[in-house]
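Below is one structure; the comments refer to it alone.
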Amino acid sequence: MEEVFRALADPNRRALLDALHERDGRSLGELEDVLPGMTRFGVMKHLRVLSDAGLVSTRRDGRRKLHYLNPVPIQLIADRWISRFAAPWTAGLADLKATLEATSPMSAPKHVYEVYIRTTPERLWQAITDPAMTSIYYFNSRIESDFTPGSPFAMRRADGRLDIDGEIIEADPPRKLVHSFNIRWNPEIDDPPSRVTWEITPMGEVCRLSLVHDGFASETRTFEEVGGGWSLILSSLKSLLETGEPLHVGEQEEAGATA
């Protein structure tokens with residue numbers, strides 16, 4: 001399952017899956033057209049990751065190798081976290097979300113996530129704000145802030161490299177944290193600041209953690225880069241608090257696919 005999360009984390013790989021969902025059985029050359037700004041080798045590397053995760057299978061058609069979408073791993077994830085009673089509601093809400101977004105082209109883009117974690121609000125707040133804990137599940141980055149409105153906020157690697165910086169907008173422990181967000185891991189990205197809101201809602205023996213990343217004027221490079229990363233961060237945070245271990249996602253492997 002870790003390989004599936006890793007494969008789905010990258011927007012380029014999701015674009016390849018979307019293309020195969022639209023029309024299955026495509027050659028490497030046809031899939032190169034889906035990512036026109038990427039080299040042939042780059043597309044091959046993404047297909048290798050998808051293949052290793054079981055999300056794409058290949059079949060020979062004469063001299064061509066055709067790629068097919070395999071939705072089974074995604075269905076297994078859905079089966080694990082969505083009960084058979086909730087599935088019809090989930091599908092209906094997903095369809096409604098897609099319809100509203102498609103009919104509201106002027107609305108600003110945003111990333112919205114919800115995860116249910118078996119923990120207390122205090123423990124979840126600690127996991128979000130304690131540098132010793134963020135370094136475990138947040139791509140090895142330690143959070144830096146005193147969490148008072150107006151104070152600086154940063155995520156920094158152990159070697160001092162700055163991944164993210166911003167400012168604390170609101171802090172209401174253990175319920176809500178809002179901060180601005182600037183990408184610093186890629187010097188080529190110089191988008192205006194966006195905003196991240198963490199909300200903790202206790203629900204019996206679990207807490208619902210809602211994360212909204214918004215404040216984008218359009219689908220900026222920041223918007224494109226952070227989507228898959230948040231999925232991994234929240235999944236790893238849940239695993240850490242419930243099992244004591246974060247998700248261990250390996251490095252992307254070299255590709256060997258051919259057309």
Taking region 1-38 and keeping only residues that are of a type in the set (Asp, Glu) and either farther than 13 Å from Ser51 by Cα or free of Cβ contacts under 8 Å to residues at least 12 places away in the same chain (or both), one is left with Glu2, Asp10, Asp18, Glu22, Asp24, Glu30, Glu32, Asp33
Pairs returned, first residue in region 209-228 that is farther than 24 Å from Arg118 by Cα and assigned by TED's automatic domain parsing to the domain that holds Pro121, second residue that is of a type in the set (A, V, I, L, M) and crowded, with 18+ Cβ neighbours inside 10 Å, beta-carbon separation under 8 angstrom, 6 or more apart or interchain, are Arg221/Ile183; Thr222/Ile183; Glu225/Ile183; Val226/Ile183
Within region 117-145, residues more than 10 Å from Ile200 (Cβ to Cβ) and within 18 Å of the chain's Cα centre (by Cα) come out as Thr134, Ser135, Ile136, Tyr137, Tyr138, Phe139, Asn140, Ser141
Condition set surrounded by fewer than 17 Cβ atoms within 10 Å (Cβ to Cβ) and in contact with a strand residue (DSSP E or B) (Cβ under 9 Å, 6 or more places away or on another chain), scope region 179-189, selection nearest to Ile168 (Cα to Cα): answer is Arg184
* To do: For Glu205, state whether it is modelled with pLDDT under 95, over 20 Å from the mean Cα position of the chain (by Cα) and more than 19 Å from Glu225 (Cβ to Cβ).
  => yes
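The values are calculated or read from the model by the stated rules, or taken from the named source; none is laboratory data. Only a predicted model underlies this, so the values are computations on that prediction, with no experimental measurement involved. Heads up, the Cβs are rebuilt from the backbone with ideal geometry, glycines too, and the neighbour counts pull from every protein chain shown.
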